[in-house]
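Novice: The structure is given below, and queries will be raised subsequently.
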Amino acid sequence: MTEKMKINITPLKKKGFKSENFTFVDFKTNKLHQECFDTLTKIKNDIDNQNLSNKEKIIINKIFKSYKKAFNSEELAEDEMILNNHELLEFKKINKKDFVRYLVYRYKYNKYSQLKILDEYPPCINIEPTSVCNYRCVMCYQADKTFSKKSSGFMGNMSFELFKKVIDEINGKIEAVTLASRGEPTLNKELDKMLKYCEKKFLALKLNTNASLLNEKNIHSLLSSDLQTIVFSIDEKNKENYEKIRINGKFEKILKNLELFNKIRDTKYNRSDKVVRISGVKINKNQNLDEMKAQWKDYADIVAFTNYQPWESSYDNPVNDIDRVCGELYNSMYVWWDGKVNPCDFDYKSTLSKWNAKDKSIKDIWNSEPYNFLRQKHINQQRSSIEPCKRCISTS
């Protein structure tokens, strides 16, 4: 049996907004920021001739003002925003005719959770093609046997009919769609059909995969799709540590799969139309980002760690004293394989769920009384009365 890596990182409580004091020189030397501002200026000068709603015009004007302040080394207010490094990389790859759509979407995604703005639809929706996974990673809910065993009732694959129903409703309403959540998406045999159905519908279509099942057929499916971002979840740079974290994973297989992916991407596709990210969860102090970048830089545009959240023990974590509002309640929605809708994936057993996308619309669920009741509890600093919110460290 593979030895498991010890989790010795203390989960970090997420903090609220903190203004950054941008320096003039940072922007003058950053070509992408300058290009972004130049494009934004053209849009701003022609904004009355753009087919934009009043809400969209307000957002574009606010971002334009934010850039002007940043160029003058002025601090940004909580409701102001410029693009971060990851977004600049996306800006470089998107079609400039979609730039306004992109800015509006990123503003909603970044700011609505901080400002507690409730729109008709969530800025981001997470749809899981399957809850089944072939791994049992030490920091994941799949490590909880009461969840992942076949008899639990939590395991299954989303039907294409349900997927189509959700996509048909959110087309033109939501830009950020992530195909992933509790399971490994490539295990759903209809994933290629799902990707094709999403074509030309979203600006920020993303898929997360552990890369274990990559082959020539599904690599072509991913690279020929409208995916903006492909995330490979790989937490380490060598066999010993990788297999201690990603239980059931084989490092040599992952390396071989990524080499094939890279070869096909280089020879058959345009590397500039997608962002490929290799991501890991920082669970152990010995994990080193510089070493990760050195190992995986040739395979990805971005290599990064995400902060550890104790998903593997959501319902057993100690009750904490956090009383700040969770941003997920304004930012994201999760649609499970069976249609069940949940506010977050920390609650991977859906104790908070009161809805199903089979018989209700995403819009109605997002603005429903039970959802708003949860939001109000958080606003009133009553997280401690909600299970499992009282054990979660996520805030806006």
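The values are calculated or read from the model by the stated rules, or taken from the named source; none is laboratory data. Bear in mind the structure is a predicted one, so any value in this text is a computation, not a measurement. Cβ sites come from the backbone with ideal geometry, for glycine too, and all protein chains shown count toward neighbours. Just so you know, the surface numbers come from the protein's heavy atoms only, side chains and all, with ligands and any DNA or RNA stripped out. Shrake-Rupley method; radii C 1.70, N 1.55, O 1.52, S 1.80 Å.
Novice: Take GLU199 and decide whether it is acidic (Asp, Glu), open to solvent by 30 Å² or more (accessible area, probe 1.4 Å), more than 18 Å from ASP301 (Cα to Cα) and not in a loop (DSSP other than H, G, I, E, B).
Specialist: The answer is no for GLU199.
Novice: Only one of PHE91, PHE24 is at pLDDT below 90, aromatic (Phe, Trp, Tyr) and over 26 Å from ASP273 (Cα atoms); which?
Specialist: Answer to the check: PHE24.
Novice: Filter region 238-268 down to the residues that are modelled with pLDDT under 95 and not in a helix (DSSP H, G or I) and list them by number.
Specialist: The one that is modelled with pLDDT under 95 and not in a helix (DSSP H, G or I): ASN238.
Novice: When you go through TRP311, TRP337 one by one, which is the residue that is in contact (Cβ under 8 Å) with a residue 40 or more places away in the chain and under 30 Å from ILE264 (Cβ atoms)? Show your work before the answer.
Specialist: Values: TRP311 fails: under 30 Å from ILE264 (Cβ atoms).
Going through TRP311, TRP337 in turn, the sole match is TRP337.
Novice: Also, quick follow-up: Name the single residue, out of those in region 142-184 being open to solvent by less than 40 Å² (accessible area, probe 1.4 Å) and of a type in the set (S, T, N, Q), that is farthest from LYS201 (Cα to Cα).
Specialist: Filtering first and then ranking leaves SER152.
Novice: Go through (1) in a loop (DSSP other than H, G, I, E, B); (2) more than 21 Å from the chain's Cα centre (by Cα); (3) over 30 Å from LEU258 (Cα atoms); (4) of a type in the set (Asp, Glu) and name the single condition ASP364 misses.
Specialist: Unmet for ASP364, out of (1) in a loop (DSSP other than H, G, I, E, B); (2) more than 21 Å from the chain's Cα centre (by Cα); (3) over 30 Å from LEU258 (Cα atoms); (4) of a type in the set (Asp, Glu): (1).
Novice: Considering only residues of region 271-298 that are touching a residue at least 60 places away in the same chain (Cβ under 8 Å) and open to solvent by 40 Å² or more (accessible area, probe 1.4 Å), which is farthest from GLU387 (Cα to Cα)?
Specialist: Selected residue: SER272.
Novice: Could you tell me whether GLU312 is open to solvent by 40 Å² or more (accessible area, probe 1.4 Å), at pLDDT below 95 and more than 23 Å from the chain's Cα centre (by Cα)?
Specialist: no
Novice: Separate question: Give the number of residues within region 103-141 that are of a type in the set (Ser, Thr, Tyr), open to solvent by 30 Å² or more (accessible area, probe 1.4 Å) and out of contact with any strand residue (DSSP E or B) (no Cβ under 7 Å at 6 or more places or on another chain).
Specialist: Within region 103-141, residues that are of a type in the set (Ser, Thr, Tyr), open to solvent by 30 Å² or more (accessible area, probe 1.4 Å) and out of contact with any strand residue (DSSP E or B) (no Cβ under 7 Å at 6 or more places or on another chain) number 0.
Novice: On to the next question. Being touching a Pro at 6+ places or on another chain (Cβ under 7 Å) and either more than 19 Å from ARG182 (Cα to Cα) or of a type in the set (A, V, I, L, M) (or both), is that true of even one residue in region 281-303?
Specialist: no
Novice: Can you name the condition, by its number, that VAL138 falls short on among (1) part of a helix (DSSP H, G or I); (2) closer than 30 Å to GLU3 by Cβ; (3) touching a residue at least 60 places away in the same chain (Cβ under 8 Å)?
Specialist: Going through (1) part of a helix (DSSP H, G or I); (2) closer than 30 Å to GLU3 by Cβ; (3) touching a residue at least 60 places away in the same chain (Cβ under 8 Å) one by one, VAL138 breaks only (1).
Novice: Among residues belonging to region 202-246 that are under 21 Å from the mean Cα position of the chain (by Cα) and of a type in the set (Phe, Trp, Tyr), point out the one that is most open to solvent (accessible area, probe 1.4 Å).
Specialist: Residue satisfying both the conditions and the ranking: PHE202.
Novice: Of all residues in region 72-93 being over 20 Å from ILE117 (Cβ atoms) and among the charged types (D, E, K, R), which is surrounded by the most Cβ atoms within 10 Å (Cβ to Cβ)?
Specialist: Restricting to residues being over 20 Å from ILE117 (Cβ atoms) and among the charged types (D, E, K, R), the top hit is GLU90.
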